[in-house]
Amino acid sequence: MQTYPTWLIAELRSDHAGETGAVMIYRGILAFCRDATLRDFAQRHMATEAGHLRLIEEVLPRPQHSRLLPIWRVAGWITGAVPALFGPRAVYATIDAVETFVDHHYQQQIERLDAENIFPELRAMLARCQEEEVHHRDEARDMHAGLVGGLLRGWGRLVGFGSEAAVSAARRI
């Protein structure tokens, strides 16, 4: 197994926690959603997120996983379930907000790996994950067509803030 610097282990821990939460977001959506188009969207994207989770588990030893994974699972499920109760537009706006955050999070890691010119295989893996996350964001954005009111914009900000707080905690714990 590759030895990574401390900063990178912390980042991978946050990625692992985030992908765990992402799988649970889609499980939360599927628990309440009856809309066939949205269910298809959630099932396809949940499979992609599960693939990302497996990739990160291959490079991050189990002892380095966040000790807060039970919290990330519950938080992810709630983040998917709550908007699912309000309908497809709320779900798509939520996915847009989450994936916007994830895009920036992966980009920061990629930029640091580039700046230090280290771990090109890991960098390539993170770039592939980022590309797929951007696809999720763009698909969700197309589905809600920018039709989000103030309440959904506020929810999106809350989701972004929660994602940022979760990353900060997962880096350390």
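Here, each number is a calculation from the coordinates, and none is a lab measurement. Bear in mind the structure is a predicted one, so any value in this text is a computation, not a measurement. Quick reminder, even Gly has a Cβ in these numbers, built from the backbone with ideal geometry, and neighbours come from all protein chains shown.
By per-residue mean of other Cβ atoms within 10 Å, what is the highest-first order of 25-32, 4-11, 149-156?
Going by the mean number of other Cβ atoms within 10 Å, highest first, we get 25-32, 4-11, 149-156.
For the stretch 1-73, with the dipole built from +1 on Lys and Arg beta-carbon atoms and -1 on Asp and Glu ones, taken about the Cα centre, which of Ile29, Ala17, Ile56 lies farthest toward the positive end?
Checked the options; the winner is Ile29.
State the extension gain, in nm to one decimal, for the chain segment bounded by Gln64 and Ala36, taking 0.36 nm per residue of separation less the distance between their alpha-carbons.
6.3 nm
Please give the contour-minus-distance gain from Val74 to Asn117: 0.36 nm per residue of separation, less the Cα-Cα distance, rounded to one decimal in nm.
Here the answer is 11.8 nm.
Would you mind putting 55-62, 102-109 in packing order, based on average other-beta-carbon counts within 10 Å, highest first?
In decreasing order of mean packing, 55-62, 102-109 become 102-109, 55-62.
With point charges of +1 on the Cβ of Lys and Arg and -1 on the Cβ of Asp and Glu, referenced to the Cα centre of the chain, which listed residue (Gln2, Ala81, Phe41) lies farthest in the positive direction of the dipole?
About the Cα centre, the residue reaching furthest to the positive side is Ala81.
Select one label from (1) 1.00; (2) 1.28; (3) 0.95: the one whose number is Cα Rg over 2.2 N^0.38 Å as derived from the coordinates shown.
Read-out from the structure maps to (1).
If packing is taken as the mean number of other Cβ atoms within 10 Å per residue, what is the order of 157-169, 77-89, 115-127, highest first?
The most tightly packed comes first, giving 77-89, 157-169, 115-127.
Within the stretch 64-101, whose backbone N sits under 20 Å from a point 7 Å along Cα→Cβ of Arg172?
64-73, 75
Express in nm, to one decimal, how much length is gained between Val134 and Ala47 on full extension, taking 0.36 nm for each residue of separation and deducting their alpha carbon distance.
Stretched fully, the Val134-Ala47 segment lengthens by 29.8 nm.
In debye, nearest 20: dipole of the chain around its Cα centre with unit charges on the Cβ of K, R (+) and D, E (-)?
Result for the chain is approximately 720 debye, rounded to the nearest 20.
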